Amino acid sequence: MKRGGKMVRTYGLYLVLILCISFFLPRFLPGSPLSVLDEATASQNMEAFPDTFREYYAPEKPEAVQFLLYLKHLLSGDLGYSLTGKRKVADMIGESLGYSLLLAGLAMTVSTCIGVWYGMRAGLKEGSSPVRLFPLILLQAVPVFLLAESLRLLFSYRLSWFPSRGAYSVGMHPSSEGFLLDVLYHMVLPLTVMILSEIPGIAVFTYNSTVRIKKQQFVRMAVYLNLTQNIIEKKYFFRNILPEILGKLSIQSISCVAGTMFVEAVFAYPGIGMLLRTATANRDYPLMQGILLTVCTLALVINAIFEFLIQQISRR
Amino acid sequence: MKKIWSRLSAVQRICAGICIFYFLAAAFGPIFSPFPPDDFSSPALLPPGRVHLLGTDEMGHDIFSMVLSGFRYTMLFSLTAALGSVSLGTVLAFASLYFPRIGRGINHLATVFLIIPDILLILFVAAFAAPTCTNTILSMIFFSWPRVFRIARSRLSACFSSNKVAYTMLIGGNMWDVIRKLWHDGYPVIGTLFMMQASRAVTYETTLAFFGLGDPLLKTWGRLIRSALNYENFFYDNTWCWYLLPAMICVVVYVAVLSVLVFDEGKV
């Protein structure tokens, strides 16, 4: 219970830090409309923004009041009004979050299974050399959006096997028949890109962990005792590398979320990535800040879940 | 230098050679470029030929010259960002171990930055702030030092508990004595971190360019890739072969080579 209390306090601190970052970052960047470093040009730029923007941020009030106002807005779930979408930011993000989580969650699950299996197999082979992993390293070196665009070029446009944009065909909505199949069909390409970009990290890490354990004495002891390969794998390798893999997975999930956003931006998949693309293209500050806060909080939650899992497993 | 070279495996030698090639191309490349990279007076969308080795883009820039100028910017971004973040990270790692009280605070701060995806913060900064090269590099340094901090701290803390450092602190050695003792065990990790950060910096820059952020005037590979992807007939004809592929290959090879060099430390 004490350890749980400590974890809650630590994550509470992290949440506060994230809120501070989200609040202070626009105010300390040169050239930002909310900048406190350059008040004259900032207030000049503010004239161009609509009243909702000025009401939400209240730049004329002192900083401490602004921060309290910001916290008050957040507690009531108000993330401001989007300049481009002309709707509440919270609504826009709420609609898109589901698709992003679907894509990221599925990608993470599948790539973990494949990555761990492949990494362990590569590590367990006799005379394993890092050369075996070169294709994975090469794959990891390709920026994820480039991978997305290349696959889109090949499979959507040249071969016409899969649709090139959106989560469902134009005109379909959740109650039309065949909607689920349509969604799955549209999800194939983005999901494949995500899986391809996540596998190398996990596989290489699993390989390194497996190789490290292989050198340990107790493994050689198990081999001398003629235990079957299966038991060795399960009991000795897997159980030992599991906490490390969970640690790697928690970091990898975050980069998976970030990668999902880029893939969505490429495929015009209606998730947070698509919102981010329109927001950065049009400098939609409230939307960008809302996305930043949402993704950071999501990352914190994911990390907390994984940390809890690691603690549970390490306790045994 | 010869000692280092002889210790590397064949694969590492190839990778090191490629890195040296990139560095030389950055230093001397623009001497060989047939046109200045900003010059867009050539006819647009020419396929590769004798005058334009990689053809021209839709505005009339010579693609080969732009790829060559990209070497310089890539080196600039990756080296300065890597230098800045590695210095900051290792100094903070040492400080957090030598002064344990502020060490906990720095550790928490670094953990927060590690939990949130740094590319998002860099994107955010690039969108909010004035789009200059300096701002991009500063934001890369500022948001990627936690990774260096975490790895350097774990390596240094193992060294800190070693006998010779404990002895130094026991007989009242000051900070510089401890640094001297740590340096011998610690400097390999700095090299690894430097290469890791260099490859990440290039990935960041390419992603920023993809979103249309960052300095629009610099002809980096990221910008070249972006304008290749924005080209209206990108999906329909074969222009991408000479427009997208050269820059893409340059970026991928650079990042892959650095990753392979880093790989043997087991920290990929």
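The numbers here are math on the coordinates, done by the rules we state, and not lab data. What you see is a predicted model, and the numbers here were worked out from it, not measured in a lab. Cβ sites come from the backbone with ideal geometry, for glycine too, and all protein chains shown count toward neighbours.
Miscellaneous remarks
- Where labels lie 7 Å past Cα in the beta-carbon direction, separation of A:Val8 and A:Ser176 in nm: 4.8 nm
- Relative contact order for the stretch B:57-263, counting Cα pairs under 8 Å that sit 6 or more residues apart, in percent: 31 percent
- Structural size metrics of the protein assembly as shown, computed from C-alpha coordinates, are Rg and Dmax of 25.1, 80 Å.
- Between the stretch B:40-93 and the stretch B:207-237, the Cα center-to-center distance that results, in Å: 12 Å
- Mean-position separation - Cα centroids, the stretch A:71-129 and the stretch A:177-201, in angstrom: 13 Å
- Cα long-axis angle, helix B:245-263 against chain B (0 to 90 degrees, to the nearest 10): 20 degrees
- Highest-MSF residue in chain A out of A:Gly273, A:Gly98, A:Gly123 [GNM, Cα springs under 10 Å]: A:Gly98
- Taken along its three principal axes, the alpha carbon spread of the stretch B:110-268 comes to 72, 34, 25 Å, from the longest extent down to the shortest.
- Choice from A:Ser197, A:Ser175, A:Ser253 showing the highest fluctuation, given a GNM over chain A with Cα pairs closer than 10 Å: A:Ser175
- Pairs of alpha carbons in the stretch B:180-250 separated by more than 20 Å make up 47% of all such pairs.
- Degrees, to the nearest 10: B:63-98 long Cα axis against longest axis of chain B: 10 degrees
- Only Lys, Arg, Asp and Glu carry charge here, each on its Cβ (+1 for the first two, -1 for the last two); on that basis the protein assembly as shown has a dipole of about 3100 debye about its Cα centre.
- Close amide H pairs (under 5 Å, H built 1.01 Å from N) link A:Tyr81 with A:Val89, residues at least 5 positions away or on another chain.
- Convex hull volume of the Cα atoms of the stretch B:1-141, normalised per residue: 191 Å³.
- Exceedance of the 26 Å cut-off in Cα-Cα distance is limited, within the set A:Lys6/A:Lys248; A:Lys6/B:Lys181; A:Lys215/A:Lys248; A:Lys248/B:Lys181; A:Lys125/A:Lys248, to A:Lys6/B:Lys181; A:Lys248/B:Lys181.
- Rounded FRET efficiency, nearest 0.05, which uses the C-beta distance separating B:Ser162 from A:Ala64 and R0 of 51 Å: 0.60
- Ordering B:Pro188, B:Gly172, B:Trp221 by Cα displacement along the dipole of chain B toward the positive end leaves B:Gly172 in first place; charges were set at the Cβ atoms of Lys, Arg (+1) and Asp, Glu (-1).
- q = 0.10, 0.22 Å⁻¹, the stretch B:69-199: log10 I(q)/I(0) [Debye, one scatterer per Cα]: -0.37, -1.27
- GNM result for chain B, Cα springs below 10 Å: residue of B:Leu53, B:Leu170, B:Leu258 fluctuating most strongly: B:Leu170
- Cα-based radius of gyration of chain A once divided by 2.2 N^0.38 Å, which approximates compact folds: 1.20
- Rounded to whole Å, sorted largest first: equivalent-ellipsoid semi-axes of chain B, Cα gyration tensor: 41, 21, 14
- Taking all C-alpha pairs of the stretch A:98-189, those more than 20 Å from each other amount to 55 percent.
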